[in-house]
Amino acid sequence: MTKPSDLPSLIGQEVGVSRWFALDQARIDAFAALTEDEQFIHVDPERAQATPFGGTIAHGFLTLSLASAMSEDAVAPLDGVVMGVNYGFDRLRFLAPAPSGSRVRGRFKLLSAEDKGGGRWLLKHELTVEIEGGDKPALIAEWLTMQVVKA
């Protein structure tokens, strides 16, 4: 647990790294069916092999959708937290495709922490989703969450 009063001292520091998450073809296919994004580069290994990717790749939004689980893994909750909600993104860039069969993990750095009063804290984390063995991350985002603690 992190005390809200400790947040200013954590700004600019890495606050956690998640476990690795597998992006196997079954997960990619399930995401494609759920979101109705069945572009062949995600779901047709034969056709995708002829692309510059050399095979199927995970959806960027699939990789991003793992952010909540990565955060749960990596970032210590605030002491007295009642709930946390997504507040949005200030910046989001997809930098490299994550091939089917790869693994990704999230690395979190606290960029800011604003006391909004009433036990509400607006946190901004830099989220870097790394691809195991990759030269570039799958994505980098500035992610905003509102954390509510017992006042």
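The values are calculated or read from the model by the stated rules, or taken from the named source; none is laboratory data. Keep in mind the model is a prediction, meaning the values are calculated, not measured. All Cβ positions, glycine included, derive from the backbone under ideal geometry; neighbour counts span all protein chains shown.
Out of the residues in the range 132-151 that are in contact with a helix residue (DSSP H, G or I) (Cβ under 9 Å, 6 or more places away or on another chain) and within 24 Å of ASP29 (Cα to Cα), which is surrounded by the fewest Cβ atoms within 10 Å (Cβ to Cβ)?
Once the filter is applied, the top-ranked residue is LEU139.
Looking only at the range 1-36, how many residues end up being of a type outside the set (Asp, Glu) and outside any helix (DSSP H, G or I)? Lay out the reasoning, then the answer.
Residues of the range 1-36 that are of a type outside the set (Asp, Glu), as a first pass: 1-5, 7-13, 15-23, 25-28, 30-35.
Checking which are outside any helix (DSSP H, G or I) leaves us with 1-3, 11-13, 15-23.
Number of matching residues: 15.
Quick one: which residue in SER9, SER18, SER68 is within 30 Å of ASP115 (Cβ to Cβ), surrounded by fewer than 13 Cβ atoms within 10 Å (Cβ to Cβ), out of contact with any Cys (no Cβ under 9 Å at 6 or more places or on another chain) and not hydrophobic (A, V, I, L, M, F, W, C)?
Sole residue among the options that is within 30 Å of ASP115 (Cβ to Cβ), surrounded by fewer than 13 Cβ atoms within 10 Å (Cβ to Cβ), out of contact with any Cys (no Cβ under 9 Å at 6 or more places or on another chain) and not hydrophobic (A, V, I, L, M, F, W, C): SER9.
Taking the stated definitions as given, is GLY80 more than 20 Å from GLY12 (Cβ to Cβ) and more than 15 Å from the chain's Cα centre (by Cα)? Step through it out loud before you land on a result.
Values: more than 20 Å from GLY12 (Cβ to Cβ): yes; more than 15 Å from the chain's Cα centre (by Cα): yes.
Here the answer is yes, as GLY80 does meet what is asked.
Here is a yes/no grid of residues against (1) at pLDDT 95 or above; (2) more than 15 Å from GLU126 (Cα to Cα); (3) surrounded by 21 or more Cβ atoms within 10 Å (Cβ to Cβ):
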site	(1), (2), (3)
PHE61	yes, yes, no
TYR87	yes, no, no
LEU92	yes, no, no
LEU95	yes, no, no
SER100	yes, yes, yes
ARG107	yes, no, no
LEU111	yes, no, no
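Hey, among the residues in the range 118-131 that are closer than 16 Å to VAL81 by Cβ and not hydrophobic (A, V, I, L, M, F, W, C), which one's surrounded by the fewest Cβ atoms within 10 Å (Cβ to Cβ)?
GLY118
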